[in-house]
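Engineer: Below you'll find the structure I mean.
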Amino acid sequence: MKIAVYAISKNEEEFVTRFCDSAKDADLILIADTGSTDKTVEKALECGAKVYDICISPWRFDKARDAALSLIPRDYDVCISLDLDELLEPGWREEIERVWTEQTTRLRYKFDWGCGISFFYEKIHHRHGYHWHHPVHEYPRPDGRIQEVYAHSDMLLVSHHPDPTKSRGQYMPLLELAIKEDPHCPRNAFYHARELTFYDRWEEAVKALNSYLAMPEATWANERCYAMRLLGKAHDELGHWHDALKWYRLACAEAPGTREPWVDLAMFAYRSSMWIEGYSAAKHALQITDKALVYTMDPTVWTEKPWDLASICAWHLGHKDEAIELCKKALEFNPTDTRLIRNLQQMTEPTMVD
């Protein structure tokens, strides 16, 4: 089995050495550079990578990755697409060799995106029969003439270690282009709507999120729930209290087996002094113990947050003993939090809690 790791780059000298070190067990490390002016190329060559200069203009990610893929020799079997701020985890090659068969064309594996979010990814594929799709948030797509055969690994193979100062400015126009090129793709429609919320463009976000939800192709409950949660937040930011409450409740109905919408509803109810609904929503969240490995997962709902909200709401409802126990549980997750410590002290004294 011959395995190639390939990536595109531009001015990523701070990442390239660790990237190449993580991929050192590959038969080929190929980097398609798109115009670096720092020492990215020099360092990559020092690490033994094959580096090619490519030009994609106007810029789009899928064409750049296709260009990089085309440079991998035809006799390779497995291609691993990474960004330079992503690392292959130790043991990655042995795991691929263990699960990959002669019939395999693609591998589904665990990916650590960072910030406590992990999900399954699908950017390890056969050398032949694939091309990249969408100008941004691109992914490998099979040619219609091959039959996809997946292998699966529960092992963490790739982790993301991004530069927090890196600009996302190019995403918005590329997302707008993606929608024009593929208007029936719910994935792009949602990413575009979500991007609008990142820039606090709340009225536009409301329109885009509603358009996404109206798409016949938008059928994944977790993503639909996420859209409804964002609609709740958008209406809340716009001062539309009743609409915000409606969408937070609808999000709970859309994916009732996930914690995220219940915690969002509990937080909204807490901020609105709706103690009964806040208590009910937080307690419902705590009954859910299955943390799905999907990108819509919010890691904060698996910390002290739902315990904290349940505690405060229970206190205001007069359930003092339960409130104390819930607060103690919240402190187990975050024992140095001064507000939680103060709340517990005030509950046991007692006085009003925050």
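The values are calculated or read from the model by the stated rules, or taken from the named source; none is laboratory data. Just so it is clear, the model here is predicted, and its values are computed rather than measured. For neighbour counting, all protein chains shown are included, and Cβ atoms are generated from backbone atoms with ideal geometry for every residue, glycine included. Accessible surface areas use protein heavy atoms only, side chains included; no ligands, DNA or RNA. Shrake-Rupley method; radii C 1.70, N 1.55, O 1.52, S 1.80 Å.
Engineer: Please tell me the relative contact order of the chain in percent, rounded to the nearest whole number, where contacts are Cα pairs under 8 Å and at least six residues apart. Display every interim value, and only then the final one.
Structural biologist: Values: 611 pairs, mean separation 36.8, N = 354.
It comes to 10 percent, rounded to a whole number.
Engineer: Among L88, A269, T101, whose Cα projects farthest towards the positive end of the dipole of the chain, with charges put on the beta-carbon of Lys, Arg (+1) and Asp, Glu (-1)?
Structural biologist: The residue sitting farthest along the positive end of the dipole is A269.
Engineer: Another question, then. Considering only C-alpha atoms, what is the centroid distance from the stretch 228-257 to the stretch 91-113, in Å?
Structural biologist: 39 Å
Engineer: Based on the Cα coordinates of the chain, what is the per residue volume of their convex hull in Å³?
Structural biologist: Numbers: hull volume 55.4 nm³, N = 354.
Here the figure is 157 Å³ per residue.
Engineer: I would also like to ask the following. Helix-only mean residue ellipticity at 222 nm, the chain, DSSP H runs n ≥ 4 weighted -39,500 (n - 2.57), per residue, nearest 500. What is it? Display every interim value, and only then the final one.
Structural biologist: Numbers: 14 runs with 165 residues, N = 354.
Computed mean residue ellipticity for the chain: -14500 deg cm²/dmol.
Engineer: As a test question: what accessible area, to the nearest 10 Å², does W307 have when a 1.4 Å probe is rolled over all protein chains in place?
Structural biologist: Its heavy atoms expose roughly 60 Å² to the probe.
Engineer: In the chain, which Cys residues have no partner Cys with a Cβ closer than 4.7 Å?
Structural biologist: C55, C79, C115, C185, C225, C252, C313, C327
Engineer: Can you tell me the orientation of helix 186-198 relative to the chain, as the angle in degrees between its alpha-carbon axis and the longest Cα principal axis, to the nearest 10?
Structural biologist: It is inclined by approximately 60 degrees.
Engineer: First check a/c for the stretch 74-147, with a ≥ b ≥ c the square roots of the eigenvalues of its C-alpha gyration tensor; if it is under 1.5, answer rounded, and if not, answer prolate when a/b is larger than b/c or oblate otherwise. Walk me through the intermediate numbers first.
Structural biologist: Working: a/c = 1.95, a/b = 1.21, b/c = 1.61.
It comes out oblate by the Cα gyration axes.
Engineer: Something else now. May I ask for the angle, rounded to the nearest 10°, between helix 61-70 and the longest principal axis of the chain, with both axes built from Cα atoms and the value confined to 0 to 90°?
Structural biologist: Approximately 40 degrees, to the nearest ten.
Engineer: Same structure again: Residue farthest toward the positive end of the dipole of the chain, with Cβ of Lys/Arg at +1 and Asp/Glu at -1: which of H184, Y295, G144?
Structural biologist: With unit charges placed on the Cβ atoms, the residue in question is H184.
Engineer: As I understand it, the value is the acute angle between the Cα axis of helix 171-181 and the longest principal axis of the Cα atoms of the chain; what does it come to in degrees, rounded to 10?
Structural biologist: Between helix and principal axis, roughly 70 degrees.
Engineer: Moving on. If you place +1 on the Cβ of every Lys and Arg, -1 on the Cβ of every Asp and Glu, and leave all else neutral, what size is the dipole of the chain about its Cα centre, to the nearest 20 Debye? Show your work: numbers first, answer last.
Structural biologist: Values: 42 positive and 57 negative charges, 116 e Å.
Computed about the Cα centre, the dipole is about 560 debye.
Engineer: With every protein chain present, what accessible area does R271 have (1.4 Å probe, heavy atoms only), rounded to the nearest 10 Å²?
Structural biologist: Roughly 150 Å² of R271 is accessible to a 1.4 Å probe.
Engineer: Moving on. Quick one: pull the percent of accessible area on the chain belonging to carbon and sulfur, 1.4 Å probe, ligands and nucleic acids left out. Write down the numbers at each step before the final one.
Structural biologist: Working: 8700 of 17030 Å².
Accessible surface attributable to carbon and sulfur in the chain totals 51 percent.
Engineer: Any idea of the accessible area per residue across the stretch 169-259, 1.4 Å probe, to the nearest Å²? List each step's numbers first, then the result.
Structural biologist: Values: 4330 Å² over 91 residues.
Per-residue accessible area for the stretch 169-259 comes out at 48 Å².
Engineer: If you don't mind, another one. Calculate one ³J(HN,Hα) per residue across the stretch 288-300 by plugging θ = phi - 60° into the Karplus curve 6.51 cos²θ - 1.76 cosθ + 1.60, and present them in order as whole Hz with x for glycine and proline.
Structural biologist: Values, residue by residue: 8, 10, 8, 8, 5, 8, 9, 5, 7, 5, 9, x, 5 Hz.
Engineer: For A151, enumerate residues with amide H under 5 Å from its amide H, sequence gap 5+ or separate chain, H modeled in the peptide plane.
Structural biologist: Correct list: T105, R106, L107, R108.
Engineer: So, one more: If you plug each phi of the stretch 19-26 into the Karplus form 6.51 cos²θ - 1.76 cosθ + 1.60 with θ = phi - 60°, what whole-Hz ³J(HN,Hα) values come out, in order, with x for Gly and Pro?
Structural biologist: 3J(HN,Hα) across the stretch 19-26, in whole Hz: 4, 5, 5, 5, 9, 4, 7, 6.
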